[in-house]
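Some notes on the structure that comes next.
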Amino acid sequence: MAIFTAIIFLGGKKRIAAVTEKIVPVMAVLYVLGSLIVLAVNWRNLGTAFAQIFVLAFDPQAMAGGVAGITVREAIRFGVARGLFSNEAGMGSTPHAHALAKVKHPCDQGVVAMIGVFIDTFIVLTMTALVILSTGALSLTDANGAPLTAAPLAQAAFNTVFGSFGNIFIAVCMLFFAFSTIIGWFFFGETNVKYLFGKRAVPVYSALVIVFVILGSIMKVDLVWSLSDMFNGLMVLPNLIGVLALTGVVVFLSREHDAQRRL
């Protein structure tokens, strides 16, 4: 993983863009198609699945086979953390990429950014939840009798329709999604390092990223999640201050954009 990322990093932002624009759409389409197939097979359970989403959101302890001791507070805590991690809305990470777009008006790219959040959260993640709930995978346990969570839970859900291929399908999708995320976040960090320390600091930053790719691959998953949640939270705080400070600019540009559309 470190070797492949290093090769892409050395190619600069053009290679980064070329790789991500090919990987992400293909894997997103494949994942959505796979989810639609599972949902089509279990269409009779969709009504119950939607009901479970609302019931379990406010009464997590009613979760059949779920983790004992889960409270509403914990459900909200993990929901917010995973929500931030999935679409990065309000974190201030993706503006680096959107700023490279050549558009007639800033609001045009702003709409694209909002559509990205909608597709990721309201379509892809909702489909994942419906797949897990409609297949009954939430009540499954591992060899030790513990409830399935994270990737094994998604794999078990897809296995109900695709058989053992479900494991491979989820593993391949996660590989490419995660790989593209590493590449994208490298670019975001590189932009900041250039601004703060100049171009001479980029090689040092690149080496540190490669080291952390290796460390992230061998660390325990729970620790990696905890670290990512912590740093995501730290990133949101200063960004929200900046967003509030720029409210006037946003309002002005939005009105200007609406006026241009009416002409």
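(1) open to solvent by less than 30 Å² (accessible area, probe 1.4 Å); (2) at pLDDT 85 or above: which one isn't true of TRP43, the others all being true?
(1)
Here's a check for you: in the stretch 68-123, which residue that is more than 25 Å from ILE182 (Cβ to Cβ) and acidic (Asp, Glu) is modelled with the lowest pLDDT?
It comes out as GLU74.
Counting just the residues of the stretch 116-154 that are of a type in the set (Gly, Ala, Ser), assigned to a helix (DSSP H, G or I) and free of Cβ contacts under 8 Å to residues at least 24 places away in the same chain, which one comes out surrounded by the fewest Cβ atoms within 10 Å (Cβ to Cβ)? Step through it out loud before you land on a result.
Initially, the stretch 116-154 is screened for residues of a type in the set (Gly, Ala, Ser), giving 116, 129, 134, 136-137, 139, 143, 145-146, 150-151, 154.
Now drop any that are not assigned to a helix (DSSP H, G or I), which leaves 116, 129, 134, 137, 139, 150-151, 154.
Filter once more, keeping what is free of Cβ contacts under 8 Å to residues at least 24 places away in the same chain: 137, 151.
Values: ALA137: 21, ALA151: 13.
My answer is ALA151.
A quick yes/no check of all residues on (1) of a type in the set (A, V, I, L, M, F, W, C); (2) open to solvent by 70 Å² or more (accessible area, probe 1.4 Å); (3) at pLDDT below 90:
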{"position": "ASN167", "(1), (2), (3)": "no, no, no"}
{"position": "ILE170", "(1), (2), (3)": "yes, no, no"}
{"position": "ARG200", "(1), (2), (3)": "no, yes, no"}
{"position": "ASP222", "(1), (2), (3)": "no, yes, yes"}
{"position": "VAL249", "(1), (2), (3)": "yes, yes, no"}
{"position": "ARG262", "(1), (2), (3)": "no, yes, yes"}
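Does the stretch 172-198 hold any residues that are modelled with pLDDT of 90 or more and among the aliphatic types (A, V, I, L, M), and which are they?
The answer is VAL172, VAL193, LEU196.
Out of curiosity, is ILE182 of a type in the set (Val, Ile, Thr) and either surrounded by fewer than 12 Cβ atoms within 10 Å (Cβ to Cβ) or over 20 Å from SER226 (Cα atoms) (or both)? Lay out the reasoning, then the answer.
Numbers: of a type in the set (Val, Ile, Thr): yes; either surrounded by fewer than 12 Cβ atoms within 10 Å (Cβ to Cβ) or over 20 Å from SER226 (Cα atoms) (or both): no.
It is false that ILE182 is of a type in the set (Val, Ile, Thr) and either surrounded by fewer than 12 Cβ atoms within 10 Å (Cβ to Cβ) or over 20 Å from SER226 (Cα atoms) (or both).
Counting just the residues of the stretch 94-115 that are outside any helix (DSSP H, G or I) and in contact (Cβ under 8 Å) with a residue 12 or more places away in the chain, which one comes out least open to solvent (accessible area, probe 1.4 Å)? Quick ask: steps written out before the conclusion?
So the first thing to find is which residues in the stretch 94-115 are outside any helix (DSSP H, G or I), and the list is 94, 99-105.
Applying the additional criterion that residues be in contact (Cβ under 8 Å) with a residue 12 or more places away in the chain yields 94, 100, 105.
Working: THR94: 46, LEU100: 92, HIS105: 9 Å².
That would be HIS105.
Any residue at all in the stretch 13-24 that's closer than 17 Å to ALA137 by Cβ and part of a helix (DSSP H, G or I)? Outline the logic, then answer.
Of the residues in the stretch 13-24, the ones closer than 17 Å to ALA137 by Cβ are none.
No: zero hits.
So which residues in the stretch 140-177 are over 17 Å from VAL38 (Cα atoms) and among the polar types (S, T, N, Q), if there are any at all?
Across the stretch 140-177, the qualifying residues are THR141, ASN144, THR149.
The values are calculated or read from the model by the stated rules, or taken from the named source; none is laboratory data. Not measured: the values here are computed from a predicted model. Glycine gets a Cβ as well: all are built from the backbone with ideal geometry, and neighbour counts include every protein chain shown. Please note that ligands, DNA and RNA were not included when accessible areas were found on the heavy atoms of the full protein model with its side chains. Shrake-Rupley method; radii C 1.70, N 1.55, O 1.52, S 1.80 Å.
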